[in-house]
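S.K.: The structure is given below, and queries will be raised subsequently.
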């Protein structure tokens with residue numbers, strides 16, 4: 001029959017972890033209980049000797065087959081972890097339940113189940129229990145002496161590692177969990193130093209502070225590196241307390257621990273995963289910033305009206321896209337032989353990185369020679385572009401050809417100020433940026449070509465009649481608002497037909513081209529020269545009064561005679577001009593009226609014998 005007289009020793013052994021117990025017969029009726037086991041029950045009033053334990057602990061319902069296996073020896077023990085309860089104050093209480101077989105002695109034919117309840121909610125309560133164990137140390141030691149077999153069974157049944165040592169660290173007792181964990185037999189550990197399995201010296205330094213024990217002192221949940229018999233390192237969380245012995249002022253130490261090696265490995269894996277996740281998140285945020293900046297770059301480039309404006313946008317956007325770098329955009333000259341920097345950014349505008357003159361041959365760049373990106377992350381590499389500044393070379397750099405319609409129009413250069421910054425991600429970004437810039441510049445060039453074709457005369461490269469009409473309307477409006485004069489000169493090549501009849505139409509075209517170049521060289525920066533039609537040309541002179549316009553017309557008439565035009569090496573003779581002059585607002589209040597007045601003056605000059613200047617109405 002279950003002997004309750006040994007219960008006090010039993011309780012004191014379990015006190016450091018506040019473990020309570022129930023003793024049950026095969027029918028799961030309660031034979032004996034620890035003093036405070038009721039606080040773990042769902043129905044405390046039902047935890048009475050003779051009653052079915054399942055009434056107070058419904059968790060046991062359905063485990064009857066497991067209990068049978070334990071009683072028959074098929075199973076050593078059974079654990080239920082993390083059972084939730086509501087405590088008296090309304091807070092949650094969590095307990096671990098461990099079930100084992102109990103047999104008082106070998107002659108006793110009856111077998112019982114013993115159930116341990118471990119409060120894992122408030123580990124701080126271990127302090128009070130361990131202090132209480134100080135006053136019970138002598139009783140515990142005498143109980144261990146008189147009831148060694150019984151205590152050995154209790155120790156063996158505890159699921160966690162239990163070690164009892166002297167103050168000097170000599171092992172006095174171990175349980176089965178300790179033997180299983182460390183791989184030693186009882187004979188191999190008893191009377192050996194605990195340092196044989198606990199290799200952490202810091203732990204012993206802390207443990208010595210407990211001796212002699214003062215009320216309230218406790219070493220708990222200290223993570224210690226231990227070594228198993230086969231040399232494997234494991235991590236065990238130990239709680240340690242001191243108990244009084246029969247000898248005055250002499251204490252033993254009780255160590256209770258659990259293997260947390262897998263938990264530590266899991267924590268390390270989680271930490272590593274979190275670090276990787278943080279890196280991925282940072283990279284994703286960086287990619288998002290780069291995508292936003294790249295989108296902004298594309299929008300700004302599409303909104304540019306000229307390539308010069310695009311160069312300004314590129315410099316503005318490259319620094320946030322490639323921080324802490326120097327770089328530039330280089331454009332290939334129409335000759336296809338030279339490359340020139342049109343936009344640079346970074347320290348000293350990149351002058352220490354490219355070349356001393358920012359102008360070099362296409363053959364000096366590996367990227368342009370190969371037609372593919374050329375990245376160098378080790379400047380000891382002999383394949384350095386010759387356009388780099390030789391002393392010292394950059395930390396690392398990349399040259400990316402800017403391709404449009406299968407042809408290189410230039411090169412993007414990027415060089416970080418420090419090593420290991422030109423990552424694969426930055427290289428991919430540089431290639432993408434080069435593609436965007438190349439496409440934008442090609443579109444702008446095409447737009448300018450189309451615009452020039454729509455407003456320029458293809459033969460003389462002067463503005464055409466369409467542009468003349470639009471510009472004159474604007475200039476008249478501006479002159480009217482500012483109350484300023486505006487001069488117009490319409491000029492005609494005298495006897496132009498003889499050039500075509502005598503030398504052919506190609507010779508006539510040569511005369512028209514040379515006259516166009518002559519006009520471009522002999523007008524002010526703000527003046528507008530247009531081919532009006534055939535051999536007639538029109539000049540718009542903003543802010544020019546009539547006397548100035550007349551003087552300019554006379555100068556043109558005189559200078560044109562000095563123009564020597566040759567066709568196939570043959571001089572075509574002297575060119576003379578007839579010029580008609582009109583001014584706004586003297587000769588017209590609108591563009592059409594002023595043009596008509598100048599045209600009438602031209603007609604007057606021709607009827608008066610050509611090679612002269614006439615003013616409307618004179």
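S.K.: Could you say which residue among 329, 315 is in contact with a strand residue (DSSP E or B) (Cβ under 9 Å, 6 or more places away or on another chain), touching a residue at least 60 places away in the same chain (Cβ under 8 Å) and either buried (at least 22 other Cβ atoms within 10 Å of the Cβ) or within 17 Å of residue 433 (Cα to Cα) (or both)? Lay out the reasoning, then the answer.
M.R.: Details: 315 fails: touching a residue at least 60 places away in the same chain (Cβ under 8 Å).
Going through 329, 315 in turn, the sole match is 329.
S.K.: Okay, next question. Please work out if residue 461 is in the same structural domain as residue 541 (by TED's automatic domain parsing) and not in a helix (DSSP H, G or I).
M.R.: Working: in the same structural domain as residue 541 (by TED's automatic domain parsing): yes; not in a helix (DSSP H, G or I): yes.
Judged against the criteria, residue 461 is a match.
S.K.: Any chance you could count how many residues in region 473-511 are under 18 Å from residue 606 (Cβ atoms) and surrounded by 19 or more Cβ atoms within 10 Å (Cβ to Cβ)?
M.R.: 9
S.K.: Inspect region 556-563 for any residue being assigned to a loop (DSSP other than H, G, I, E, B) and surrounded by fewer than 21 Cβ atoms within 10 Å (Cβ to Cβ) and give the result as yes or no. Give the derivation first.
M.R.: Within region 556-563, the first condition is being assigned to a loop (DSSP other than H, G, I, E, B), and the residues that meet it are 563.
Applying the additional criterion that residues be surrounded by fewer than 21 Cβ atoms within 10 Å (Cβ to Cβ) yields 563.
Yes, there is a match, as at least one residue in region 556-563 is assigned to a loop (DSSP other than H, G, I, E, B) and surrounded by fewer than 21 Cβ atoms within 10 Å (Cβ to Cβ).
S.K.: Same structure again: Is it fair to say residue 300 is free of Cβ contacts under 8 Å to residues at least 60 places away in the same chain, closer than 30 Å to residue 440 by Cα, in a helix (DSSP H, G or I) and touching a helix residue (DSSP H, G or I) at 6+ places or on another chain (Cβ under 6 Å)? I'd like the intermediate steps shown before the answer.
M.R.: Values: free of Cβ contacts under 8 Å to residues at least 60 places away in the same chain: yes; closer than 30 Å to residue 440 by Cα: yes; in a helix (DSSP H, G or I): yes; touching a helix residue (DSSP H, G or I) at 6+ places or on another chain (Cβ under 6 Å): yes.
Against the criterion (free of Cβ contacts under 8 Å to residues at least 60 places away in the same chain, closer than 30 Å to residue 440 by Cα, in a helix (DSSP H, G or I) and touching a helix residue (DSSP H, G or I) at 6+ places or on another chain (Cβ under 6 Å)), residue 300 qualifies.
S.K.: Quick check: is even one residue across region 465-472 farther than 19 Å from residue 375 by Cα, without any contact (Cβ under 8 Å) to a residue 40 or more places away in the chain and surrounded by fewer than 16 Cβ atoms within 10 Å (Cβ to Cβ)?
M.R.: Within region 465-472, one or more residues are farther than 19 Å from residue 375 by Cα, without any contact (Cβ under 8 Å) to a residue 40 or more places away in the chain and surrounded by fewer than 16 Cβ atoms within 10 Å (Cβ to Cβ).
S.K.: For residue 514, indicate whether it is in a helix (DSSP H, G or I) and surrounded by fewer than 20 Cβ atoms within 10 Å (Cβ to Cβ). Break it down into steps so the answer makes sense when it comes.
M.R.: Details: in a helix (DSSP H, G or I): yes; surrounded by fewer than 20 Cβ atoms within 10 Å (Cβ to Cβ): yes.
Spelling it out, residue 514 is indeed in a helix (DSSP H, G or I) and surrounded by fewer than 20 Cβ atoms within 10 Å (Cβ to Cβ).
S.K.: Which of the residues that make up region 63-89 are part of a loop (DSSP other than H, G, I, E, B) and within 19 Å of residue 36 (Cβ to Cβ)?
M.R.: Pass one, region 63-89, residues part of a loop (DSSP other than H, G, I, E, B): 63, 73-76, 87-89.
Selection gives 87, 88, 89.
S.K.: Here's something else I'd like to know. Being more than 23 Å from residue 511 (Cα to Cα) and assigned to a helix (DSSP H, G or I) is the requirement here; does residue 599 meet it? Break it down stepwise before answering.
M.R.: Values: more than 23 Å from residue 511 (Cα to Cα): no; assigned to a helix (DSSP H, G or I): yes.
It is false that residue 599 is more than 23 Å from residue 511 (Cα to Cα) and assigned to a helix (DSSP H, G or I).
S.K.: Let me ask something else about it. Anything in region 18-28 that is under 17 Å from residue 70 (Cα atoms) and either in a loop (DSSP other than H, G, I, E, B) or within 60 Å of the chain's Cα centre (by Cα) (or both)? List them, or say none. Break it down stepwise before answering.
M.R.: Taking region 18-28 first, the residues under 17 Å from residue 70 (Cα atoms) are 21-28.
Of everything in region 18-28, those that are under 17 Å from residue 70 (Cα atoms) and either in a loop (DSSP other than H, G, I, E, B) or within 60 Å of the chain's Cα centre (by Cα) (or both) turn out to be 21, 22, 25, 26, 27, 28.
S.K.: Further question: If I filter region 440-453 for residues that are under 60 Å from the mean Cα position of the chain (by Cα), farther than 30 Å from residue 311 by Cα and at pLDDT 85 or above, do I get at least one hit?
M.R.: From region 440-453, those under 60 Å from the mean Cα position of the chain (by Cα) are 440-453; that's our starting set.
If we keep only those that are farther than 30 Å from residue 311 by Cα as well, we get none.
No, there is no match, as no residue in region 440-453 is under 60 Å from the mean Cα position of the chain (by Cα), farther than 30 Å from residue 311 by Cα and at pLDDT 85 or above.
S.K.: Do the conditions hold for residue 352, that is, is it more than 27 Å from the chain's Cα centre (by Cα), modelled with pLDDT of 85 or more and surrounded by fewer than 19 Cβ atoms within 10 Å (Cβ to Cβ)?
M.R.: Numbers: more than 27 Å from the chain's Cα centre (by Cα): yes; modelled with pLDDT of 85 or more: no; surrounded by fewer than 19 Cβ atoms within 10 Å (Cβ to Cβ): yes.
No: the conditions fail for residue 352.
S.K.: While we're looking at this one, here's another question. For residues that are in a loop (DSSP other than H, G, I, E, B), in contact with a strand residue (DSSP E or B) (Cβ under 7 Å, 6 or more places away or on another chain) and at pLDDT 90 or above, tally how many sit in region 29-62.
M.R.: 5
S.K.: Still on this structure, I have one more. Test residue 538 against the stated conditions and say whether it is closer than 20 Å to residue 603 by Cα and in the same structural domain as residue 587 (by TED's automatic domain parsing). Lay out the reasoning, then the answer.
M.R.: Details: closer than 20 Å to residue 603 by Cα: yes; in the same structural domain as residue 587 (by TED's automatic domain parsing): yes.
Here the answer is yes, as residue 538 does meet what is asked.
S.K.: Hey, among 497, 469, 521, 482, which residue is within 59 Å of the chain's Cα centre (by Cα), modelled with pLDDT under 90 and in the same structural domain as residue 557 (by TED's automatic domain parsing)?
M.R.: None of the other options fit; the residue is 469.
S.K.: Same structure, new question: Going by what's in this entry, would residue 275 be described as free of Cβ contacts under 8 Å to residues at least 60 places away in the same chain, surrounded by 11 or more Cβ atoms within 10 Å (Cβ to Cβ), not assigned by TED's automatic domain parsing to the domain that holds residue 198 and not in a strand (DSSP E or B)? Give the steps one after another, and end with the answer.
M.R.: Details: free of Cβ contacts under 8 Å to residues at least 60 places away in the same chain: yes; surrounded by 11 or more Cβ atoms within 10 Å (Cβ to Cβ): no; not assigned by TED's automatic domain parsing to the domain that holds residue 198: yes; not in a strand (DSSP E or B): yes.
Against the criterion (free of Cβ contacts under 8 Å to residues at least 60 places away in the same chain, surrounded by 11 or more Cβ atoms within 10 Å (Cβ to Cβ), not assigned by TED's automatic domain parsing to the domain that holds residue 198 and not in a strand (DSSP E or B)), residue 275 does not qualify.
S.K.: Which residues, counting only those in region 530-553, are touching a strand residue (DSSP E or B) at 6+ places or on another chain (Cβ under 9 Å), surrounded by fewer than 21 Cβ atoms within 10 Å (Cβ to Cβ) and within 23 Å of residue 574 (Cβ to Cβ)?
M.R.: Pass one, region 530-553, residues touching a strand residue (DSSP E or B) at 6+ places or on another chain (Cβ under 9 Å): 530-532, 534-546, 548-550, 552-553.
So of that shortlist, the ones also surrounded by fewer than 21 Cβ atoms within 10 Å (Cβ to Cβ) come out as 534-536, 542-543, 545-546, 548, 550.
Within region 530-553, 534, 535, 536, 550 meet the criteria.
The values are calculated or read from the model by the stated rules, or taken from the named source; none is laboratory data. Note that the coordinates shown come from a computational prediction; the quantities given were computed from them, not determined experimentally. Please note: Cβ atoms are built from the backbone with ideal geometry, for glycine as well, and neighbour counts cover all protein chains shown.
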